[in-house]
1. Note the full-extension length gain between Asp245 and Val139 as 0.36 nm times their separation in residues minus their Cα-Cα distance, in nm to one decimal.
2. Hey, rough spin-label estimate for Phe160 and Leu188, points 7 angstrom out along Cα→Cβ, what's it come to in nanometres?
3. Can you tell me which aspartates and glutamates have their Cα less than 15 Å from the Cα of Lys35? Leave out same-chain residues fewer than eight positions away.
4. State whether region 111-171 is rounded, prolate or oblate according to the following rule on the C-alpha gyration tensor (a ≥ b ≥ c being the square roots of its eigenvalues): a/c under 1.5 gives rounded; otherwise a/b larger than b/c gives prolate, and the remaining case gives oblate.
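No value in this document is a laboratory result; all are computed from the given coordinates. Predicted model, so just to flag it, every value in this text is computed and none were measured. Ideal geometry is used to build each Cβ from the backbone, glycine not excepted, and the neighbour counts take in all protein chains shown.
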Amino acid sequence: MPDNPSNSRIKKLSPLLINQLAAGEVVTRPAAVVKELLENAIDAGASNIEIRITQGGMGMIEVLDNGMGIHPDDMVMAITRHATSKVADVANLHGITTLGFRGEALAATAAVSRLTLTSSHDDSGIGRQLQVAGVLDEVPKLVPVVHQRGTTITVKDLYFNVPARRGNLKSIATEFGHIETIVREVALARADVALTLFHDNKKRLSLSSRAMSANDNDNTNSSNNNAHRLPLSRLEQATGLPLTDDALE
């Protein structure tokens, strides 16, 4: 039996602790953050995504996209758990067409890092910036900044407030290897999205988007099938392997 009976009473968890527990399920390592942010960018309709990493993701993870951006009125909601634009009601769960839908990724990441969300939803050149470190302020501050249409999310000092989790991470090379694998997998799935990956200010991957060429559509009957095929050039880019000489028509 507990020495102090009051310790066994049921209590409501604090918002920070709730988000940190959720982060344990979502933010398992830096590569998981990159995966969630890439999926959000693709769901936002981005055609060009830049990923900047330092110290294997333990220093900084930054993902910049040219997607539709986030309306200023929705910026705070974007960092709130179970808030999403992708699922409106339970009926939508049977026909989800987006990569993410639970509305937990940003909130979970913000709970264990210093996160900066910057976004613009129009072509005015002006966006809004919101900073979160562990838990959202009661009165969050949105700061006007210069920003083109799209979203930039910067994650610094991952696990700064959960040192035990940081201690479980592997070497910088290992963690970056996991990140590179995630980026290559996304490149295989989405040839229509240009992806650039930097590590410690050195460009490590540059995967240009690849639309089907005119030659691919010469045959009208096969044009629909070709539209869903991964172009060989993009496959070579994503895998880093020379495949043309061994490819079959």
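1. 32.2 nm
2. Distance between the two pseudo-spin positions: 3.6 nm.
3. The reachable aspartates and glutamates, counting only those whose Cα sits under 15 Å from Lys35, are Glu25, Asp43, Glu50, Glu62, Asp65, Glu104, Glu175, Glu180, Glu185.
4. Note, shape of region 111-171 comes out oblate.
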